[in-house]
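The values are calculated or read from the model by the stated rules, or taken from the named source; none is laboratory data. Please read these numbers as outputs of a predicted model, since none were measured by experiment. Positions of Cβ are backbone-derived with ideal geometry, glycine not excepted, and every protein chain shown enters the neighbour counts. Areas reflect the complete protein model, heavy atoms only, side chains present, ligands, DNA and RNA absent. Shrake-Rupley method; radii C 1.70, N 1.55, O 1.52, S 1.80 Å.
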Amino acid sequence: MTASPHGPFENVRHDLGDALILRPLKPEHAKALGAAMAEIPPWSVVNWSAPSIAASLQREVPALKRFEVLQDGRLAGIVAIQNPFLHGPYLQLFCVLPEFQGRGLGHRLLQWMEGEAHKGGARQLWLCVSTFNTRAEALYRRFGFEQAGLFDKLAIDESDEIFMRKRLF
């Protein structure tokens, strides 16, 4: 991973090594990501349509930085970080497309997030995960996230949302 002269989560290209690149989301990739995400959990479970996801990916939100994830030059997913949040960044959106899963990309992206957070003097990392999304929850727990709260039936009636935090101090 190469050092950046920019502040944390700057909307610039981030080279994580081994041909893994994060760069600002290109508008033309929002539609492709929306279509891919609508077919996989958790988005398919909550019936979020491809056009709705694509529109959401293009909506301007203050303090939210969206990065497309490229592996070997191919679109592999998306990461969206809200910073500042509660004394640290909030992982608002995290998706590694199925063909790229199981290769450690999720862990590497979380390492990048933590490194950027340290650069900005953050005290913790935040995220929210659906209780039905057990693979994602397991990844976050392995990375050191712990439950900080529970929102019952937030997205759908059949599931709760786990609000998670990783302390950096």
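General observations
- Applying the criterion of being outside any strand (DSSP E or B) and on the phi < 0 side of the Ramachandran plot to the residues of segment 66-84, the residue that is modelled with the highest pLDDT is ASN83.
- Qualifying residues in segment 5-38 (those that are assigned to a loop (DSSP other than H, G, I, E, B) and open to solvent by less than 70 Å² (accessible area, probe 1.4 Å)) - the one modelled with the lowest pLDDT: GLY7
- Filtered by the rule that a residue be open to solvent by 90 Å² or more (accessible area, probe 1.4 Å) and part of a helix (DSSP H, G or I), segment 135-169 gives ARG135, ARG141, ARG142.
- ALA50 touching a helix residue (DSSP H, G or I) at 6+ places or on another chain (Cβ under 6 Å), open to solvent by 10 Å² or more (accessible area, probe 1.4 Å) and within 25 Å of SER159 (Cβ to Cβ): yes
- LEU109, sole failed condition from (1) surrounded by fewer than 17 Cβ atoms within 10 Å (Cβ to Cβ); (2) within 14 Å of LEU91 (Cβ to Cβ): (1)
- So VAL61, is it of a type in the set (Val, Ile, Thr), closer than 18 Å to ASN11 by Cβ and exposed (fewer than 15 other Cβ atoms within 10 Å of the Cβ): yes
- Within segment 85-99, the residues that satisfy the criterion of being of a type outside the set (Ser, Thr, Tyr) and either in a loop (DSSP other than H, G, I, E, B) or without any contact (Cβ under 8 Å) to a residue 40 or more places away in the chain (or both) are PHE85, LEU86, HIS87, GLY88, PRO89, LEU91, GLN92, LEU93, VAL96, LEU97, GLU99.
- Of the criteria (1) within 17 Å of ASP15 (Cβ to Cβ); (2) modelled with pLDDT of 95 or more, which one LEU97 fails: (1)
- Test: residue in segment 68-83 that is surrounded by fewer than 17 Cβ atoms within 10 Å (Cβ to Cβ), within 27 Å of GLY7 (Cβ to Cβ) and without any contact (Cβ under 8 Å) to a residue 40 or more places away in the chain: no
- Considering segment 112-125, the residues that are among the small types (Gly, Ala, Ser), surrounded by fewer than 20 Cβ atoms within 10 Å (Cβ to Cβ) and touching a residue at least 12 places away in the same chain (Cβ under 8 Å) include one that is nearest to PHE67 (Cα to Cα), namely GLY115.
- Test for LEU93: is it open to solvent by less than 30 Å² (accessible area, probe 1.4 Å) and either under 22 Å from ARG165 (Cβ atoms) or more than 14 Å from the chain's Cα centre (by Cα) (or both): yes
- Residue match in segment 46-58 (condition: over 25 Å from GLY120 (Cα atoms), in contact with a Lys or Arg (Cβ under 7 Å, 6 or more places away or on another chain) and among the small types (Gly, Ala, Ser)): yes
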